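Chemist: For reference, the structure I am asking about is given below.
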Amino acid sequence: MKRLLMVLPLAIFLVVAVFLYRGLFLDPTELPSALIGKPLPAFSLPSVENPQRLVSADDIKGKPALVNVWATWCVACKVEHPVLNKLAQQGVVIHGVNYKDDNAAAQKWLRDFHDPYQLNIRDEEGSLGLDLGVYGAPETFLVDKQGVIRHKYVGVIDERVWREKLAALYQELVDE
């Protein structure tokens, strides 16, 4: 019995060490989402450009698209924005969700840094972000033409991320 009590702390330490070691090799941008394979949550929110126009999940259907959660207060979004502009110029359909932001600041941002979004949803209260399970900005959802979420990417989309992770997934949806 004494031996068991002496070995028990070592066994507990080894189990914890194995879990921590495994965690070193996980990709922090791969956050699981319960919404993969499910339609975008229902919403009706104003457009950033025209607050009288309401945008809904039905407006996103029709073509595969990236749904990019962004904000003017997000430093990483400023890094990502030129890449989104370039992708939009190449024909990639991108919709924006302006998350917990001041609408005047968002409009100025889009004038100053150009607007890659075909639709831009104003989510000042964060209700759509909450329904999407957003942790913060930037986050991007890959949505098929029926409005079903196929992939979620957390972090900045740069040239490498687009080329190595998202371009092929997007192209598969376009080719369907």
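The values are calculated or read from the model by the stated rules, or taken from the named source; none is laboratory data. Keep in mind the model is a prediction, meaning the values are calculated, not measured. When we count neighbours, we look across all protein chains shown, and the Cβ atoms used for this are built from the backbone with ideal geometry, even at glycine. Side chains included, ligands, DNA and RNA excluded: accessible areas come from the protein's heavy atoms. Shrake-Rupley method; radii C 1.70, N 1.55, O 1.52, S 1.80 Å.
Chemist: Which one, 130, 5, 16, is farthest towards the positive end of the dipole of the chain when Lys and Arg carry +1 and Asp and Glu -1 on their Cβ?
Modeler: Positive-end residue among those listed: 5.
Chemist: Using Stokes-Einstein with the Kirkwood hydrodynamic radius over Cα pairs, what translational diffusion coefficient do you get for the chain at 20 °C and a viscosity of 1.002 mPa s, in µm²/s rounded to a whole number?
Modeler: Approximately 121 µm²/s, per Stokes-Einstein.
Chemist: Then there's this: Simple spin-label model, 7 Å along Cα-to-Cβ: residue 20 to residue 44 in nm?
Modeler: 5.3
Chemist: Using alpha carbons only, how many degrees (0 to 90, rounded to 10) separate the axis of helix 2-23 from the longest principal axis of the chain?
Modeler: Roughly 20 degrees, rounded to the nearest 10.
Chemist: I want to check the label-to-label distance for residue 52 and residue 150. Put each point 7 Å from Cα in the C-beta direction and report it in nm to one decimal.
Modeler: 3.7
Chemist: DSSP loop GluC sites (Glu not before Pro) in segment 104-147 with at most 16 other Cβ atoms within 10 Å of their Cβ, which ones?
Modeler: Answer in residue order: 124, 125.
Chemist: Another question, then. Are there chymotrypsin sites (Phe, Trp or Tyr not before Pro) in segment 36-127 that DSSP marks as loop and that have at most 15 other Cβ atoms within 10 Å, and which are they?
Modeler: Answer by residue number: 73.
Chemist: Still on this structure: Are there trypsin sites (Lys or Arg not before Pro) in segment 4-104 that DSSP puts in a loop and that have at most 14 other Cβ atoms within 10 Å, and which ones?
Modeler: 53
Chemist: Next question, about the same structure. Measure off, as a whole percent, the carbon and sulfur share of the 1.4 Å-probe accessible area of segment 24-160, all protein chains present.
Modeler: With neighbouring chains kept in place, the figure for segment 24-160 is 55 percent.
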